[in-house]
Amino acid sequence: MIRAKDLTKFYGGKRALGPVSFEIEDGETVGFLGLNGAGKTTALRILACDLRPSAGTIEVGGVDVVADPHEVRKKIGFLPENPPIYADMRVTDYLTFAGEIRGMTKDAIRKRMSGVLDLTDLHEVSDEPIGTLSHGFRQRVGVAQAVIHDPKFLILDEPTRGLDPVQIVEMRKLIHDLKEKHTVLISSHILTEISQTCDRLLVLGKGRVLGVGTEGELAGKESEIRSVTVTIRAPNGDDAKGQIAKVLKSVDGVKDVAEPYEQGGGLAFTVMTTKDCRADVSRAVVGAKLDLIKLDHSKSELENTFMRLVGGADGSN
Amino acid sequence: MAATSIIYRRELGAYVRSPFAWVIAALFLFVNGILFLAYVLPGQKLSAVVLELFFQFAGLTSFGLGLLLSFRLIAEERTTHSMVLLNTSPVRDSEIIVGKFLAALTFMIILLALTIYMPLLIKVRGKITGSQILVGYIGMLMVGSAALSIGLFASALVKNQFLAAVIGLVLLVVLGNLFRFASTLEGNVRTVLGDIDLFWVHYMGGFMRGVLNLKDIIYYLAVIYFFLLLGVKTLEAKRWQ
């Protein structure tokens, strides 16, 4: 378990973080979400024993980070924003070094190596000098060094930073695999990244915790207006628009239906609702024998939540 | 000290793989060879004087070699972000410094050994003893090691490699000329400053002439320990910043 209480960090006279308090249970995957300068990296560097907090306490696995950093370092694997690699070393030599420096024996590293190369999909480049690898592979090497010693806690700071779309998908899959064995902490300013990989979110803004919880919990209360985009294949005529709008308005919880626009071969209706009624909307559309092409809800909701939380932080300062 | 050995092996491997290290090696051997041909050999001189001249130049180049091999050791790790791996691993700062120092020292010993043909040529044609050569090489090793420790401290001090090199060079120039500066002074200050000079008193006055003094060895070991300790303390302070 990770437990932070009134954690604060100053750089010179400028407060970068805190005071923040949070708890992370074993086995959880928690996303640190926030804009640039929100304090995500500072928080993760403190957790990784790379940075000493100015005030407050933090325990990782029951060990105080300030009192016994070496003991904490044995329990964590850390991938910083820039992977800590030696470009001149071959991948396996580097991972052997990373394992040895964390106290593993050569025999233990040998046994673990194949599994780590499998997990990070690095077999094909295992004998290549790291300096010759693409950015995506280097990022994977960074993850591999963080897990080589099988740490209990895994801290990944912006793991998809600078990756192309294909590499981002691969990295997401890798993080999903890592969730099975580790308590994972990920930071990102990309909403979809966090929402797809994390069990719980910790939203930071200007060094403060703005919200903690699941995506649903953060999205707010039942009374809050949400929006659902429903795309239906239909001719772009006033009759069709009116008929579809009528069907959508008949759904319980729908407050309003905006003027539709053409999208992807159909008409996209933005439906304002007072609760999550995606299932009811889809049933009503199909029941009216309309062709439902797309129903989009979650992304805009998280974005709205994020903007609301961050906007609050800006407003308070 | 297991971590020291792990870091030592990595650093030594890095020297072997680095073109920069081989450029330094080539430069060191080339400059020594040129100085030997241009200034040491020409003219009618006693072989002992020729050997002294060789060690005078070789001592100076060892100074430079020590700095060139060390100024990147920590600063480069900070620039390339690999320092984070060491910082977040259960490794003591002293193990990092000592591991890197020993690796640089090993590479330096190999390069110093490659200059042995020059004093051997003097020995073949003149009347010098093996122990004179040995003492001279101990002196080169001491001077070079002191420069290594100073360069390593400078490297721990700043992130910018060029700045680290400049700081190391300034320290070496100042500490290596204290005796000359002290000669313009009077009294105890003159004695104290003269005694802590890095080159003129302990190297040129002892090792270079084939004289092995325990106090000279202790002096250099103290300098090495002092700057390595400064390096450790600097790393400690910066590790948590």
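The values are calculated or read from the model by the stated rules, or taken from the named source; none is laboratory data. Predicted, not measured: the structure shown is a model, and the values here were computed from it. Neighbour counts are summed over all protein chains in view; Cβ atoms, including those assigned to glycine, are modelled from backbone coordinates with ideal geometry.
Side notes on the structure shown:
- Looking only at region A:1-50, residues that are over 20 Å from A:L201 (Cα atoms), surrounded by 23 or more Cβ atoms within 10 Å (Cβ to Cβ) and of a type in the set (A, V, I, L, M, F, W, C) come to 1 in all.
- Test: residue in region B:85-92 that is over 28 Å from A:Q139 (Cβ atoms) and either away from every other protein chain (no Cβ under 11 Å) or not polar (S, T, N, Q) (or both): yes
- Unmet requirement for A:Y11, which otherwise passes all of (1) in contact with a Pro (Cβ under 9 Å, 6 or more places away or on another chain); (2) free of Cβ contacts under 8 Å to residues at least 24 places away in the same chain: (1)
- Where A:G13 falls short, out of the listed (1) over 27 Å from the mean Cα position of the chain (by Cα); (2) modelled with pLDDT of 90 or more: (2)
- All of (1) over 28 Å from A:S54 (Cβ atoms); (2) in a loop (DSSP other than H, G, I, E, B) hold for A:A67 with one exception: (1).
- If you filter region A:88-115 down to residues that are of a type outside the set (A, V, I, L, M, F, W, C), buried (at least 23 other Cβ atoms within 10 Å of the Cβ) and within 8 Å of chain B (Cβ to nearest Cβ), you find that the one that is nearest to A:L185 (Cα to Cα) is A:R102.
- Failed condition for A:L163, given (1) within 14 Å of chain B (Cβ to nearest Cβ); (2) part of a loop (DSSP other than H, G, I, E, B): (1)
- Filter result for B:F20 (under 20 Å from the mean Cα position of the chain (by Cα), among the aromatic types (F, W, Y) and modelled with pLDDT of 95 or more): no
- Residues located in region A:280-304, provided they are at pLDDT 70 or above and either buried (at least 20 other Cβ atoms within 10 Å of the Cβ) or aliphatic (A, V, I, L, M) (or both): A:V281, A:A284, A:V285, A:V286, A:A288, A:L290, A:L292, A:I293, A:L295
- Identity of the residue in region A:73-82, in contact with a helix residue (DSSP H, G or I) (Cβ under 9 Å, 6 or more places away or on another chain) and surrounded by fewer than 22 Cβ atoms within 10 Å (Cβ to Cβ), that ends up nearest to the other protein chains (Cβ to nearest Cβ): A:N82
- Identification of strands (runs of 3 or more DSSP E) wholly contained in region A:1-51 with 1 or more residues that are closer than 28 Å to A:H176 by Cα and charged (D, E, K, R) yields A:2-11, A:14-24.
- Index of the failed condition, A:H70 passing every other in (1) at the interface with chain B (Cβ under 9 Å from one of its Cβ atoms); (2) within 26 Å of the chain's Cα centre (by Cα); (3) surrounded by fewer than 23 Cβ atoms within 10 Å (Cβ to Cβ): (2)
- Among residues of region B:95-137 being among the hydroxyl-bearing types (S, T, Y) and part of a loop (DSSP other than H, G, I, E, B), the one that is nearest to the other protein chains (Cβ to nearest Cβ) is B:T115.
- Of all the listed residues (A:V212, A:V247, A:V251), the sole one being surrounded by 14 or more Cβ atoms within 10 Å (Cβ to Cβ), part of a strand (DSSP E or B) and among the hydrophobic types (A, V, I, L, M, F, W, C) is A:V212.
- Residue, farthest from B:G13 (Cα to Cα), within region A:88-118, restricted to residues that are in a helix (DSSP H, G or I) and charged (D, E, K, R): A:D118
- From the options A:I148, A:I85, residue that is at the interface with another protein chain (Cβ under 9 Å from one of its Cβ atoms), crowded, with 17+ Cβ neighbours inside 10 Å and either within 28 Å of the chain's Cα centre (by Cα) or within 21 Å of B:L12 (Cα to Cα) (or both): A:I85
- For region A:48-101, a residue qualifies if it is closer than 28 Å to A:T8 by Cα and charged (D, E, K, R), and the qualifying residues are A:D50, A:R52, A:E59, A:D64, A:D68, A:E71, A:R73, A:K74, A:K75, A:E81.
- Region A:175-207, residues that are more than 13 Å from the chain's Cα centre (by Cα), over 22 Å from A:M1 (Cβ atoms) and not small (G, A, S): A:D177, A:K206
- Exactly one residue out of B:G43, B:G13 is surrounded by fewer than 19 Cβ atoms within 10 Å (Cβ to Cβ), among the small types (G, A, S) and within 17 Å of B:L111 (Cβ to Cβ): that is B:G13.
- Sub-7 Å Cβ pairs linking a first residue in region B:1-12 that is within 9 Å of chain A (Cβ to nearest Cβ) to a second residue that is among the aliphatic types (A, V, I, L, M), at least 6 apart or interchain, are B:A3/A:I101; B:A3/B:V91; B:I6/A:I101; B:I7/B:I96, ordered by first then second residue.
- Residue count, region A:43-64 (criterion: away from chain B (no Cβ under 13 Å) and at positive phi): 3
- Close pairs (6 angstrom Cβ cut-off, 6 or more residues apart or separate chains): modelled with pLDDT of 95 or more in region B:44-62, β-branched (V, I, T) and surrounded by fewer than 21 Cβ atoms within 10 Å (Cβ to Cβ) anywhere: B:T61/B:V31
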